[in-house]
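The values are calculated or read from the model by the stated rules, or taken from the named source; none is laboratory data. Fair warning: this is a prediction, and the values are worked out from it, not measured in the lab. Note that we place each Cβ from the backbone using ideal geometry, even for glycine, and neighbour counts take in every protein chain shown.
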Amino acid sequence: MSATNVPDSIFKAYDVRGLYGDEITPDGAELIGRGFARTIADLSGKPTTELRLGLGRDMRLTAPELAARYAAGMVAEGAQVFDAGQVGTEQLYFLVGSRNLDGGLMCTASHNPKAYTGAKLVGEGALALSGDSGIQEVRRYAQSELPAPDPAAAGSIEQVDIAAEFREAAKAFVDTNKIDRNLKIVVDGGNGMAGEMVGPIFEELGIEVSAHYWVPNGEFPGHEPNPLLPENREFIMNKVVEEGADLGIAWDGDADRCFFIDDQGNFVDGDFLTALLAESLLSKSPGSDILYDARASRAVADVVLINGGVPHINRVGHAFFKTRMRKEGGLFGGEVSGHYYFRDFYCADSGTIPALLILELLSEKGQKLTELLAPLRSKYFISGEINSKVDDADSKIAAIEEKYADAKITYVDGVSVDYDDWHFNVRKSNTEPLLRLTLESLVSEADMEQRRDEVLALIRG
């Protein structure tokens, strides 16, 4: 095998991702598997022959072949591989965390269209590798001229079934007896892993579930498994209204993110969902630290404070959330993008636990989701994230700093500009010539739109 099978372009800020065949080939996957084992050996201080590594794959058509080649690479380096088969990404995290493995590889392209493939990589404790720590080391090993494997030092593969253990761990986050069995929910699995992962839990709960695109299918016959795109959530929004459901929940392809539709068919923004989840968790663990990302509505920090917690703003990206939670002990972290992290789930993100917590919260409060959200929607007016292509991002940021010099300016992630009754964040994309704007007004929708257009004119002018 040649290291030319492994191009630089597939190594992203948080994972490995590319087109099957053109960018990620079976031979390349085996080299990545070898590079991953060597990187974990470096991080752990163990020889590769003592490593215990987890493996999982999603429902993509190429996943069985590529997962086998990732495994072959790890085994060639002498590792013992625990193969969970076709699972959601958080189940791979659970395997690594619950069995004290040295690391794990999930063969997935998450929410991308079907032509894509990739891998999410974690070390001990299910702590994610990133471009800042681990992923570039995997690249360097995979692109180097590795010596031929020694068959006498080869590792082994063991098939494991973690589904039942995972379900019990997820249910432990709620009191299942409190969940109202009369709730009706509409679910859209996007033909990803949610149906197999979450479906059995809903069956155990006995609530009424109207399930759609619930069977894993790498052809994605309904729509792409990316609910953040408006066109991919139109179906479930309409279904919630048509069926008079209490709630809609949609998942991305590997099911580590879930997205909510309220009882009137409206999409629930990730910052507001973070606030509700924080309220739920703080009722069980008062005084805890809660992390939220630099793009988020002030609703998050306000709700955390009202409920006796301590809010902490954080850099965007799962590696930054997980690392900080691991070091500092935060109870929960939420991102606008729908990633929700839980200290008691190895600081990993989950698409199962938020669904259960919201069902429990609705049941305990005896209110509709629109009623729980009303105080937030009537006070915090958010733009969502808006992307602008720019030629010189640094000069645009400098112009922003100059124009808004009378504001409080901070640099947790990009540049954040704060006034008493409105604020915004501008960040550079990691991979594209884009600036990303999120803006909020505490005055009105019209004020938000006026402020948004003013900042966009500066960015795009």
Could you run through the range 260-283 and say how many residues are touching a residue at least 40 places away in the same chain (Cβ under 8 Å), within 27 Å of Arg436 (Cα to Cα) and either among the aliphatic types (A, V, I, L, M) or not in a helix (DSSP H, G or I) (or both)? 11
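For Asn425, state whether it is at pLDDT below 95, of a type in the set (S, T, N, Q) and under 28 Å from the mean Cα position of the chain (by Cα).
Numbers: at pLDDT below 95: no; of a type in the set (S, T, N, Q): yes; under 28 Å from the mean Cα position of the chain (by Cα): yes.
In short, no.
Out of everything in the range 160-187 that is assigned to a strand (DSSP E or B) and among the hydrophobic types (A, V, I, L, M, F, W, C), what residue ends up being nearest to Leu95 (Cα to Cα)? Don't jump to the end; show me each part of the working.
Initial filter on the range 160-187 (assigned to a strand (DSSP E or B)): 184-187.
Retained after the next criterion (residues that are among the hydrophobic types (A, V, I, L, M, F, W, C)): 185-187.
On the way: Ile185: 29, Val186: 29, Val187: 25 Å.
Residue satisfying both the conditions and the ranking: Val187.
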Kindly indicate whether Gly190 is free of Cβ contacts under 8 Å to residues at least 24 places away in the same chain, under 24 Å from Leu95 (Cβ atoms) and outside any strand (DSSP E or B). no
Is it the case that the range 172-190 has a residue that's closer than 30 Å to Ala37 by Cβ and either surrounded by 14 or more Cβ atoms within 10 Å (Cβ to Cβ) or not assigned by TED's automatic domain parsing to the domain that holds Asp27 (or both)? no
Against the definition (buried (at least 16 other Cβ atoms within 10 Å of the Cβ), in a loop (DSSP other than H, G, I, E, B) and either more than 27 Å from the chain's Cα centre (by Cα) or among the charged types (D, E, K, R) (or both)), how does Asp413 come out, yes or no? yes
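Of the residues Leu105, Leu101, Leu53, Leu92, only one is closer than 12 Å to Met193 by Cβ, of a type outside the set (Val, Ile, Thr) and not assigned by TED's automatic domain parsing to the domain that holds His223; which? Walk me through how you get there before you give the answer.
Details: Leu105 fails: closer than 12 Å to Met193 by Cβ; Leu101 fails: closer than 12 Å to Met193 by Cβ; Leu53 fails: closer than 12 Å to Met193 by Cβ.
None of the others qualify; the one that does is Leu92.
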Inside the range 40-108, counting only strands (runs of 3 or more DSSP E) that do not spill past its ends, which hold 3 or more residues that are under 25 Å from Gln143 (Cβ atoms) and touching a residue at least 24 places away in the same chain (Cβ under 8 Å)? 52-57, 103-107
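Being touching a helix residue (DSSP H, G or I) at 6+ places or on another chain (Cβ under 6 Å), under 28 Å from Phe259 (Cα atoms) and either in the same structural domain as Val316 (by TED's automatic domain parsing) or in a loop (DSSP other than H, G, I, E, B) (or both) is true for just one of Ser363, Ser388. Which residue is that?
Ser363
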From Pro230, Pro221, Pro286, Pro200, residue being exposed (fewer than 15 other Cβ atoms within 10 Å of the Cβ) and under 24 Å from Thr438 (Cβ atoms): Pro230
Close pairs from the range 367-384: first under 20 Å from Leu437 (Cα atoms), partner aromatic (Phe, Trp, Tyr) and at pLDDT below 95, Cβ under 6 Å, at least 6 apart: none
Identify, from the list Lys389, Lys379, the residue that is at negative phi and in contact with a strand residue (DSSP E or B) (Cβ under 9 Å, 6 or more places away or on another chain). Lys389
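Is it true that Val174 is at pLDDT 95 or above and in contact with a Phe, Trp or Tyr (Cβ under 7 Å, 6 or more places away or on another chain)? Break it down stepwise before answering.
Working: at pLDDT 95 or above: yes; in contact with a Phe, Trp or Tyr (Cβ under 7 Å, 6 or more places away or on another chain): no.
It is false that Val174 is at pLDDT 95 or above and in contact with a Phe, Trp or Tyr (Cβ under 7 Å, 6 or more places away or on another chain).
In the list Ala76, Ala68, Ala41, Ala72, which residue meets the criterion of being closer than 22 Å to Gly131 by Cα and in the same structural domain as Ile135 (by TED's automatic domain parsing)? Before the answer, list the steps.
Working: Ala76 fails: closer than 22 Å to Gly131 by Cα; Ala68 fails: closer than 22 Å to Gly131 by Cα; Ala72 fails: closer than 22 Å to Gly131 by Cα.
When all the criteria are applied, what remains is Ala41.
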